[in-house]
Structures are given as C-alpha cells and as structure tokens.
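Asker: One structure coming up, written as structure tokens, with questions to follow.
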Amino acid sequence: MFKKKEVWNKPFSEKVAKRVKNIPTGELTLWLDQAMFDLGRSINQYERSKETVILDNALLGAEAIHAVVNELHTRMTKV
C-alpha cells in the first residue's frame with residue numbers, strides 16, 4: 001500500500017509494456033512480426049514523403065518491437 005513506485009527506465013512506455021504483458025506467449029511472435037512489418041511500412045512512407053508524423057508512428061512501432069522482444073525474453077528466461 002505504501003510502496004514507492006519503482007522508476008521506469010526502459011526505452012518503451014509503461015502503457016506499451018502493460019499491453020504486451022497481456023498477450024499470450026504463443027502470440028508474441030505474431031505481434032512481433034506485425035510490428036516489424038508496420039515499422040518497415042512507416043520507414044518506406046517516410047522516405048517518400050519526409051513527413052515527421054510518420055516518424056512518430058515508426059517510433060511507436062520500434063517501441064512495440066522492443067517491448068515484445070523484452071517480454072518474450074523475460075518469459076523464456078523464467079522457464
């Protein structure tokens with residue numbers, strides 16, 4: 001109840017981490033594949049348009065990839 005909240009020092013948001021934590025282990029690789037596809041698509045769109053809004057989407061995709069790989073690693077090392 002009176003615990004001090006631990007400092008979040010990961011390069012992805014707590015919101016993304018909480019969402020990834022709820023994904024079943026068997027589906028994590030599917031999510032990873034989709035996030036990598038979306039990131040690649042965002043990079044291609046940015047190369048054509050040079051709009052910084054697209055880089056925001058790419059950054060979110062990169063955070064999702066990092067969060068999914070981190071969660072998968074955490075789960076596999078606990079086994």
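The values are calculated or read from the model by the stated rules, or taken from the named source; none is laboratory data. Because the structure is a prediction, the values reported are computed rather than measured. Every residue, glycine as well, gets a Cβ built from its backbone with ideal geometry; the counts of neighbours run over all protein chains shown.
Asker: Tell me which residues, restricted to the range 55-79, are farther than 19 Å from S13 by Cβ and either within 14 Å of the chain's Cα centre (by Cα) or surrounded by 12 or more Cβ atoms within 10 Å (Cβ to Cβ) (or both).
Answerer: R75
Asker: What number of residues in the range 1-30 are modelled with pLDDT under 90 and either touching a Pro at 6+ places or on another chain (Cβ under 7 Å) or of a type in the set (D, E) (or both)?
Answerer: Of the residues in the range 1-30, 2 are modelled with pLDDT under 90 and either touching a Pro at 6+ places or on another chain (Cβ under 7 Å) or of a type in the set (D, E) (or both).
Asker: Are any residues in the range 1-25 surrounded by 10 or more Cβ atoms within 10 Å (Cβ to Cβ) and more than 24 Å from D56 (Cα to Cα), and if so, which ones?
Answerer: Within the range 1-25, T25 is the sole residue that qualifies.
Asker: Return a yes/no flag: does the range 34-52 have any residue that is free of Cβ contacts under 8 Å to residues at least 60 places away in the same chain, assigned to a helix (DSSP H, G or I), within 9 Å of the chain's Cα centre (by Cα) and surrounded by 10 or more Cβ atoms within 10 Å (Cβ to Cβ).
Answerer: yes
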